[in-house]
Amino acid sequence: MNSDRRRQLSYLNAMGVDVWERRGRLDAGPAASTVATPTGPALPSAPDTDVAVLDWDSLQARVAECRLCRLCESRNTTVFGVGSRQAELLIIGEAPGAEEDRRGEPFVGRAGKLLDNMLLALGLDRKTAYIANILKCRPPGNRDPQPHEAEACMPYLRRQIGLLRPVVILALGRVAATNLLGNDRPLRALRAARHTFGDPPVPVVVSYHPAYLLRNPADKRRAWQDLKTVRSLLTGDS
């Protein structure tokens, strides 16, 4: 066993995943396709045609001063995203929590540490992937995003995707997947299907949110299957 494989196994062990050797080609799930085209009226103060011309720094500045919904009234800071602006993998979560709101970085704390182990199992980390959320501001009490809040933030996320041009998008959790794909099917159904986002279409893999996996460790094995799908798409072995 080479050193890279031993290192990967140690990260999977930290996730609590028992590993067996892969045999044959990876099954990415049953044939199904949804192309996400978020709908709804454009917001006059941040229409897609305006945000769509911004570069990374201008986009981040726009997000920092955003007041399109009332979440701006309770936030400490906006959480734009973190990672490489040349990343092939884009990870999308739901919304900032309390610690993310204080630090301005997505996926910190225990869920963030688990996500770090998931990335390391793929041979990546926070500096080589890119991590963002559906919402850039924390909802009070960590409640689910309301439809108008997600709609207000979507032009920002679409522009991040357009600038990044990722090879694969990994949507973590039902809320992230539902808002990204415009599909309200249960998470188990979303995981089982193949999805794309945008034009040109980018493959989207749906998996569990790390916070859910901390509460339900038995599903870490299923999450590892999703990560293998991500890996196969990144390497072109799909």
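The values are calculated or read from the model by the stated rules, or taken from the named source; none is laboratory data. For clarity, every value in this text was computed on a predicted model and none was experimentally measured. Reconstructed Cβ throughout: ideal geometry from the backbone, glycine too, with neighbour counts over all protein chains shown. Just the protein is used for accessible areas: all its heavy atoms, side chains included, with ligands, DNA and RNA removed. Shrake-Rupley method; radii C 1.70, N 1.55, O 1.52, S 1.80 Å.
The Ala64 and Thr196 beta-carbon pair, evaluated with R₀ = 25 Å, returns a calculated FRET efficiency of approximately 0.25. Can you give the FRET efficiency for Ala218 and Arg188, using 1/(1 + (r/R0)^6), R0 = 22 Å, r = Cβ-Cβ distance, to the nearest 0.05? In this case the efficiency is close to 0.95. Stretched out straight at 0.36 nm per residue, the stretch from Glu73 to Ala98 would grow longer than its current Cα-Cα span by 7.5 nm.
Residues whose amide H falls under 5 Å from that of Ile91, counting only those 5 or more places apart or on a different chain, are Tyr130, Ile131, Ala132, Leu170, with hydrogens built in the peptide plane. The heavy atoms of His209 present about 40 square angstrom of accessible area, all protein chains included, probe 1.4 Å.
Just by accessible area at a 1.4 angstrom probe, what is the order of Glu94, Glu99, Glu65, Glu149 from largest to smallest?
Numbers: Glu94 40, Glu99 65, Glu65 125, Glu149 10 Å².
Ranked from most to least accessible, the order is Glu65, Glu99, Glu94, Glu149.
Extending 7 Å from the Cα toward the beta-carbon at both Arg85 and Val53 defines two label points whose distance is 1.9 nm.
Sequence-ordered 3J(HN,Hα) estimates for segment 139-145 from the Karplus curve with 6.51, -1.76 and 1.60 and θ = phi - 60° stand at x, x, x, 6, 5, 5, x Hz, glycine and proline given as x.
Dimensions of segment 174-226 from C-alpha coordinates, computed as largest minus smallest value along each principal axis and given longest first, are 36, 19, 16 Å. Computed with every protein chain present, the accessible area of Thr196 is close to 30 Å² [probe 1.4 Å]. Per residue, segment 142-238 exposes 43 Å² of solvent-accessible protein surface, assessed with a 1.4 angstrom probe and all protein chains in place. What percentage of the solvent-accessible surface of segment 77-219, computed with a 1.4 Å probe over protein heavy atoms, is contributed by carbon and sulfur atoms? The value for segment 77-219 is 48 percent carbon and sulfur by accessible area.
Ordered from largest to smallest accessible area (heavy atoms of protein chains, 1.4 Å probe), the residues Ser58, Ser232 come out as Ser58, Ser232. A 1.4 Å probe over all protein chains sorts Lys136, Lys113 by accessible area into Lys113, Lys136, starting with the largest. In a simple Cβ point-charge model (Lys, Arg +1; Asp, Glu -1; nothing else charged), segment 105-175 has a dipole of about 80 debye relative to its Cα centre.
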